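Below: one structure, written as structure tokens.
Every read-out reported here was derived from the displayed coordinates using simple, explicitly stated rules and does not represent laboratory data. For clarity, every value in this text was computed on a predicted model and none was experimentally measured.
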Amino acid sequence: MGNFARQVLEIVARIPEGKVTTYGAIARALGNPRGARLVVWALWSGPSGLELPYHRVVNSQGQLAPPHIFGEGIQYQLLLSEGITFREDGSVDLEKHLWIPSFGRFVKKFLNLS
């Protein structure tokens, strides 16, 4: 597993219960603002068997993953059980539940502060 993929998984592991983040937010936190598709690739091609809250990652509009990823309605039920609310169109209410990953060490690295 490459460094980028490992960092993606580290961020996913930190998403708090009752919050979601987006593929793009993860990419931006890793210094690649146009890398949302790379995040998708890292999530779905990574090692199996990890117990990470993958269900807390949605697209930039708050839409859930296609049914073949988790199974029909599974992601929705998992998020609902954590108190996530949804809009009429079925997307997550990002205004209430969006968690933005910290840039932390990535900003320090970029600014040569580490």
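Quantify how much of the Cα-Cα distance distribution of the chain extends past 23 Å, in percent. So the portion of pairs separated by more than 23 Å is 27 percent.
Helix-only arithmetic for the chain: the sum of -39500 (n - 2.57) across DSSP H runs with n ≥ 4, divided by the residue total, places the mean residue ellipticity at 222 nm at -12000 deg cm²/dmol.
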